[in-house]
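Encoded as structure tokens, the structure appears first; notes follow it.
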Amino acid sequence: MNSDIIQRIEIWPVDIPITDPFVVATGARVTAQNLFMRVTLKDGTHGVGEAAPFPEVGGEDRASCLAAAQKLAAGLIGHSAGDYEALADHLTEQAPLFPAARCGLETALLDAYCRSQRLPLWQLWGKADVRERETDITIPICDLDKTLALSRGWYTQGFRLFKMKVGTDVEEDIRRLQAVHEALPGISFIGDGNQGFSREDCIHFAGRVKQFGGRLILLEQPVVRDDLEGLHAIRHLTGIPVAADESVRSLDDARRVVRMQAADYINIKIMKTGVIEARRIADFTRSSGLRLMVGGMLETRIAMGCSFSLVLGLGDFDVLDLDTPLLLSTDPVIGGYRYQGPRLLPWQEAGLNMQMAVPTHCLTIQ
Ligand SMILES: [Mg+2]
């Protein structure tokens with residue numbers, strides 16, 4: 001029984017270059033500046049986790065995330081990994097404003113626990129929908145030529161759902177979508193405004209895309225996160241489903257969105273809330289009759305594998321935005337789920353089933 005006691009936690013920074021600059025309405029990135037973590041249990045079982053702080057979204061940068069993770073890790077030593085639910089709540093109480101730090105520790109803890117129990121992480125959530133799934137692909141904000149070149153490249157690899165980052169210049173956004181629409185048959189769009197549109201801009205944007213025949217299946221967070229009335233109006237005036245992303249960073253946020261009828265979808269991201277809270281928001285979302293989308297920050301397959309485990313285990317996720325490992329220039333882990341073009345292939349082994357090298361000098365808490 002005591003074999004799942006948390007004995008040691010190692011944390012280290014990783015810099016992973018992004019193949020093409022990742023520009024969205026709220027900022028730009030050329031490198032994923034994340035933290036990796038490894039939890040070791042008393043029986044020697046390891047679990048891996050990742051924190052991908054995204055200052056533009058959560059206000060958490062890597063330095064503050066590392067400091068928070070170090071402090072939180074110290075409080076986990078000596079506890080049983082099987083108490084992951086209570087431990088997650090404890091982490092939230094201690095560091096409500098550091099969801100990425102909490103998410104990394106929770107992921108490593110859950111992975112270690114599932115490995116010690118010899119069950120795949122998705123089985124912990126219920127193994128409701130264990131099958132291959134397809135992800136969208138994200139096209140960052142960039143000029144027309146680059147937009148076309150990137151889109152053509154992904155299209156050749158089989159991608160058909162294009163998540164277009166928009167929200168800085170509505171006329172240019174319309175031109176970019178129209179160019180991609182005319183170049184590539186049989187595709188659909190998600191327009192992700194990252195809070196950059198005004199209500200009027202968004203309605204204009206949706207109308208024009210409809211006019212040129214573009215298939216816009218989802219408008220993601222077109223306006224600022226507190227403007228739930230704006231989201232509500234956009235749903236009704238455009239007739240296009242709206243996904244709340246930045247508007248939902250907690251279960252209370254999700255309740256507000258439901259109360260205001262502000263969205264059709266909630267975008268679940270473990271990096272915004274931690275893993276256990278993400279599961280609760282997902283449960284609440286579907287019990288309220290809203291639909292589920294899943295996404296991430298700039299994450300490797302570690303964090304994204306944890307998100308994919310929710311998809312496989314909980315079921316009912318309609319829209320998968322689990323593409324960021326494909327935007328990175330290297331893959332730092334082996335094992336786990338795999339990509340085949342736009343498809344994510346599930347794994348059957350324990351935990352996340354990922355291996356990675358641990359540097360000799362890293363922060364060790366024991
Ligand atoms: Mg988004």
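The values are calculated or read from the model by the stated rules, or taken from the named source; none is laboratory data. Not measured: the values here are computed from a predicted model. Cβ atoms come from the backbone with ideal geometry, glycine included; neighbour counts cover every protein chain shown.
A quick yes/no check of all residues on (1) within 27 Å of ARG259 (Cβ to Cβ); (2) in the same structural domain as GLN261 (by TED's automatic domain parsing); (3) crowded, with 23+ Cβ neighbours inside 10 Å:
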site	(1), (2), (3)
ILE141	no, yes, yes
ILE174	no, yes, no
GLY193	yes, yes, yes
LEU218	yes, yes, yes
VAL224	yes, yes, no
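The C-beta contact set for segment 319-332 (first residue under 22 Å from LEU218 (Cβ atoms) and in the same structural domain as ILE302 (by TED's automatic domain parsing), second residue charged (D, E, K, R) and in a loop (DSSP other than H, G, I, E, B), distance under 6 angstrom, 6+ apart or interchain) comprises ASP321/ASP136; THR324/GLU299. With respect to the conditions (1) acidic (Asp, Glu); (2) surrounded by 23 or more Cβ atoms within 10 Å (Cβ to Cβ); (3) not assigned by TED's automatic domain parsing to the domain that holds ASP201, ASP136 falls short on a single one, namely (3). Scanning segment 285-301 for residues that are of a type in the set (S, T, N, Q) and away from the ligand (no atom under 16 Å from the Cβ) yields SER287, SER288, THR300.
Taken together, the criteria place GLU56 among residues that are acidic (Asp, Glu) and within 16 Å of the ligand (Cβ to nearest atom). Across segment 250-271, the number of residues qualifying as closer than 18 Å to LEU219 by Cα and among the basic types (Lys, Arg) comes to 1.
Please work out which residue is nearest to the ligand (Cβ to nearest atom), limiting yourself to segment 19-36 and to residues that are hydrophobic (A, V, I, L, M, F, W, C) and over 21 Å from GLY49 (Cβ atoms). So, considering only residues that are hydrophobic (A, V, I, L, M, F, W, C) and over 21 Å from GLY49 (Cβ atoms), the one nearest to the ligand (Cβ to nearest atom) is VAL24. Filtered by the rule that a residue be within 16 Å of the ligand (Cβ to nearest atom) and either in the same structural domain as GLU85 (by TED's automatic domain parsing) or touching an Asp or Glu at 6+ places or on another chain (Cβ under 9 Å) (or both), segment 274-284 gives a lone residue, ILE281. Please determine, by comparing only the residues of segment 280-290 that are over 28 Å from LEU328 (Cβ atoms) and in contact (Cβ under 8 Å) with a residue 12 or more places away in the chain, which one is farthest from the chain's Cα centre (by Cα). Only one residue tops the list, namely SER288.
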